[in-house]
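The block underneath contains the structure these notes are about, expressed in structure tokens.
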Amino acid sequence: ISIITALQMIEAMDTVSLEPVPVYVSTDGRWYTGEKLLDRSFYKGLPGSLSQLQEVVLYPFPGVGGLKVLTEKKKGFAPTIFGKSEPDIVPVDVYIPAFHGSYGEDGCIQGLFELADVAYVGCNVVSAAMGMNKYHCKMFLKSHDIPVLPAILIEKEELDPDHGGSLKSVKEKILATDGLGEYPLFVKPASLGSSIGLGKAGDEKELDAAILEAFKYDSALIVEPCLENKMEINISVMEGEGPTPKASVVEIPVAEEGGELTYEDKYIRGGGKKSASLSQGMAGLTRIIDPEDLEQKYKDLAADYGVRIFKALGCAGTARIDLMMDLKSNDIYFNEINTLPGSMAYYLWAKSEPMVLYTDM
């Protein structure tokens, strides 16, 4: 999904006045660059196709001025990068992260940019890290009078019998928490996105399974009540020209089975063949943008919450904020923030007033 977002961004870029330098970070943490990264078909050959790229690194100290070329040229390797004689340093004026999830959206890469003293786009270390942790983000925003559902944080060590922990004691702790005393409940990894590891528990057996599943992906999880009759409302917020951020129109994402949004709903499905819809990234999700049957007062409230959340967290660039409406009470609650949203949420700005095209973001 990071690849899709990055390629969409490059395709929208003014390449007459700007020269994009795509950088791919492999699963083992190595950095690569090369023109082949601009070709979507190149990624089908990973990881073997990495041998066609130039390995680089961003050193964590000031003064380098770009990406240091690491590996020596291999036999048959093209002696140029982007049509120029291969340099020792690939110059970069500004870094635009298009990562999603751990190490890219959680403040880690932002910390590297800070150490290297380079210009970069988007949230800083603190706002990225806070936005990534669902529990800490909710508790922080609650202190800023943003409505949130009750929640509890469970650490993996609490299951360790060597330290007096057990699955039984964890369940007792959850059910004894105010607002979590009855099923159904939601169990989520505390610091992951895209609905990975999400579990809905309707009874004790399902809660056992959801806890164990969530701990496969994270060392901590968050448990929340499940609103049985709810509507998800998303909105994007962007830095404005002055001190006040601006909000896009809202959207209502639609799950395939009418239930909870899954990873497949967000990134795989979308009105076409799997390969075609996948190439759209988050833009391929079935959604209702600026729904006519949602009262304006709720749209305005979502925009107000979005701007307040963006400012309270100290966000920069563009973010997407996911809210939930309890259809029984019409109360709106903060769910989570995506400080580096899939597809940069450009599809919400294209229908906003005034319109903001992806090329102008």
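The values are calculated or read from the model by the stated rules, or taken from the named source; none is laboratory data. These numbers come from a predicted model, not from an experiment. Cβ atoms come from the backbone with ideal geometry, glycine included; neighbour counts cover every protein chain shown. These area figures cover heavy atoms from the full protein model, side chains too; ligands, DNA and RNA do not enter into them. Shrake-Rupley method; radii C 1.70, N 1.55, O 1.52, S 1.80 Å.
The figures follow:
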| item | result |
| --- | --- |
| Residues (open to solvent by 40 Å² or more (accessible area, probe 1.4 Å) and in a helix (DSSP H, G or I)) located in region 209-238 | ALA209, LEU212, GLU213 |
| Long-range neighbours under 7 Å by Cβ, at least six apart or interchain, first residue free of Cβ contacts under 8 Å to residues at least 24 places away in the same chain and closer than 16 Å to VAL92 by Cα within region 15-42, second open to solvent by 40 Å² or more (accessible area, probe 1.4 Å) and part of a loop (DSSP other than H, G, I, E, B) | PRO20/MET13 |
| Contacts under 8 angstrom Cβ, first residue in region 54-79 being modelled with pLDDT of 65 or more and part of a loop (DSSP other than H, G, I, E, B), partner surrounded by 11 or more Cβ atoms within 10 Å (Cβ to Cβ) and among the small types (Gly, Ala, Ser), 6 or more apart | LEU58/ALA116; TYR59/ALA116; PRO60/ALA116; PHE61/ALA116; PRO62/ALA116; VAL64/ALA116 |
| Residue check for ASP162: without any contact (Cβ under 8 Å) to a residue 24 or more places away in the chain and open to solvent by 30 Å² or more (accessible area, probe 1.4 Å) | yes |
| Pick from region 343-361, criterion open to solvent by less than 30 Å² (accessible area, probe 1.4 Å) and part of a loop (DSSP other than H, G, I, E, B), ranking: nearest to ALA247 (Cα to Cα) | SER352 |
| Where GLY165 falls short, out of the listed (1) of a type outside the set (Val, Ile, Thr); (2) part of a strand (DSSP E or B); (3) modelled with pLDDT under 95 | (2) |
| Residues located in region 120-142, provided they are over 27 Å from ALA214 (Cα atoms) and open to solvent by 50 Å² or more (accessible area, probe 1.4 Å) | VAL121, ASN124 |
| So GLY122, is it under 24 Å from VAL187 (Cβ atoms) and under 21 Å from the mean Cα position of the chain (by Cα) | no |
